[in-house]
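First up is the structure itself, then whatever we jot down about it.
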Amino acid sequence: MGIDLSELHRLISDHGCVARVVVATTSGSVPREVGASMLIWSDGQLGTIGGGSLEWEATAQARRQISDQLPKMFVRHALGPNLGQCCGGSVGLLTELFDAESVYQISGGVFVRSISDPSKIVPAAINLRFTQKSEAGHSLTPELVNEWMIEPVNDPRRCVWVWGAGHVGRAIIRVLLTLPDLDVTWVDTNQNRFPENVSEDLTILPTENPALLCSNVPRHAEHYIVTYSHALDLEVCHRLLDRGFRYAGLIGSETKWARFRRRLISLGHAKNEVAQIQCPIGDKALGKHPARIAIGVAREFLTRSSHSTVLTGR
């Protein structure tokens, strides 16, 4: 049990600000254990901390925090006297708000923070606690130590979308599938454009109008736009600029990019936003053969931070 960072990123991409409620302390008979959590946004939620009045109150409190933009709150609940639940124990809930910027305070394999003052520096004794557990071969479990909440983190898989199943698209896919911890989606206009035997490690999306998918892609995704059509390439670039992205790379020459840049600006995109699209992709020094383009793409992909800035879109 720990923080599912991939899920948190996905929900932030879809809903903006998301509240995370985690059971930090328990005493007596309670519905869920320390570390149980749920994610809440303005009109939905995911997960459970045990249901009943406790969950209802936690959800209402989280939405008040979202409305008032209160980043952190720790509350103890006596389940019987205060909430009328048959459990006779008590629960301490930590509710924290995360958005596209603040979510990056969660990094590495463990997330440690004060439940009262986010500016406090983690004491050496707390750092030593989970370091010793790791060295002894013990798995890290969620716990509240004094005022410090400690939780293991499940790092997000990098989300990559490849637009186009032609020669270059296939070469990029072959290279990406050799890399660990990727969530790869491959898009084109027809099922017949994909190879017959496709790896189960990626998601295939054949659709007549791929650009329509852009309104639902995760905003933290990284994109390679390599379709057979300049018009489709342009439409995908246009819609991704509206949606937002972590990275977008477009196949093409400098002449193609100059034309695209003028057209995208004429469609209402700011020059600095359009400049976030990289064109051409790969490494010109390696040549234009699809495999050489893919090798250049992979080299740049591996050197680019998975936590680079996200263009937020509109």
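The values are calculated or read from the model by the stated rules, or taken from the named source; none is laboratory data. Please read these numbers as outputs of a predicted model, since none were measured by experiment. Neighbour counts are summed over all protein chains in view; Cβ atoms, including those assigned to glycine, are modelled from backbone coordinates with ideal geometry. Accessible surface areas use protein heavy atoms only, side chains included; no ligands, DNA or RNA. Shrake-Rupley method; radii C 1.70, N 1.55, O 1.52, S 1.80 Å.
Enter the angle in degrees (range 0 to 90, nearest 10) between the Cα long axis of helix 52-68 and the first principal axis of the Cα atoms of the chain, meaning the one along which they spread out most.
60
Give the long-range amide H neighbours of D283: residues separated by 5 or more places, or on another chain, with amide H under 5 Å away, using H modelled in the peptide plane at 1.01 Å from N.
Long-range HN contacts for D283: G296, V297.
What would the Debye equation give as log₁₀ I(q)/I(0) for the chain at q = 0.07, 0.11 Å⁻¹, counting only Cα atoms as equal point scatterers?
Debye curve over Cα of the chain, log10 I(q)/I(0) at q = 0.07, 0.11 Å⁻¹: -0.36, -0.79.
Mean separation of Cα pairs under 8 Å and 6+ residues apart, divided by the residue count of the chain: what relative contact order is that in percent?
Working: 576 pairs, mean separation 47.1, N = 314.
RCO, the chain: 15 percent.
Quick one: grab the alpha carbon gyration tensor of region 40-80, order the square roots of its eigenvalues as a ≥ b ≥ c, and give me rounded if a/c is under 1.5, else prolate or oblate depending on whether a/b is larger than b/c. Can you show the working numbers first?
Details: a/c = 2.35, a/b = 1.30, b/c = 1.81.
It comes out oblate by the Cα gyration axes.
For the chain, take the longest principal axis of its alpha carbons; what is the angle in degrees between that and the long axis of helix 5-15, to the nearest 10 within 0 to 90?
With both axes taken from Cα atoms, the answer is about 80 degrees.
Just need the relative contact order of region 87-241 here, percent rounded to a whole number, with Cα pairs under 8 Å and 6+ apart.
Values: 183 pairs, mean separation 30.4, N = 155.
Relative contact order comes out at 20 percent.
Beta carbons within 10 angstrom, averaged per residue: use that to sort the peptides 16-27, 99-110, 171-182, highest first. Each step should come with its number before you reach the end.
Numbers: 16-27: 21.0, 99-110: 14.2, 171-182: 16.1.
Highest mean packing first, the order is 16-27, 171-182, 99-110.
When you count, for each residue, the other Cβ atoms within 10 Å and take the mean per peptide, how do 215-221, 7-13, 189-195 rank with the highest first? Working shown, then result.
On the way: 215-221: 18.7, 7-13: 21.7, 189-195: 13.4.
Answer by packing, highest mean first, reads 7-13, 215-221, 189-195.
Tell me which residues come under 5 Å, amide H to amide H, from W161 once H is placed; ignore anything under 5 positions away on its chain.
Excluding prolines and chain starts, which carry no amide H, the hits are T185, E222, H223, Y224.
How much of the accessible area of the chain, in percent, comes from carbon and sulfur atoms when a 1.4 Å probe is used? List each step's numbers first, then the result.
Numbers: 7750 of 15410 Å².
Reported share for carbon and sulfur atoms: 50 percent.
Using amide H atoms built 1.01 Å from N in the peptide plane, name the residues 5+ places from F111, or on other chains, whose amide H lies under 5 Å from its own.
HN-HN under 5 Å from F111: E151, V153.
Could you tell me the extents of region 170-314's C-alpha atoms along the three principal axes, largest first, rounded to whole Å?
If we take the Cα atoms of region 170-314, the spans are 41, 35, 29 Å.
Quick one: net charge around E33, please, counting Lys, Arg +1 and Asp, Glu -1 for every other residue with C-beta under 15 Å from its C-beta. Walk me through the intermediate numbers first.
On the way: positive: R32; negative: E55, E143, E151.
Overall, the nearby charge balance is -2.
What net charge is computed for the residues neighbouring V274, neighbours being all others with C-beta under 10 Å from the C-beta of V274, Lys and Arg scored +1, Asp and Glu -1? Walk me through the numbers before you get to the answer.
Values: positive: R261, R262, R263, K271; negative: E273.
So the environment of V274 carries a net charge of +3.
Sorted by accessible area (1.4 Å probe), largest first, how do K120, K72, K256, K284 line up? Kindly include the intermediate steps, with their values, before the conclusion.
Values: K120 90, K72 45, K256 10, K284 150 Å².
These residues rank, largest area first, as K284, K120, K72, K256.
How much net charge surrounds P210 when only other residues with a Cβ under 14 Å from its Cβ are counted (Lys, Arg +1; Asp, Glu -1)? Provide the component values of the computation, followed by the final result.
Values: positive: R193, R239, R243; negative: D188, E208, D233, E235.
Surrounding charge for P210 is -1.
Given +1 on the Cβ of Lys and Arg, -1 on the Cβ of Asp and Glu, and no further charges, what dipole in debye does the chain carry about its Cα centre, rounded to the nearest 20? Walk me through the intermediate numbers first.
Values: 32 positive and 32 negative charges, 227 e Å.
The calculation lands at about 1100 debye.
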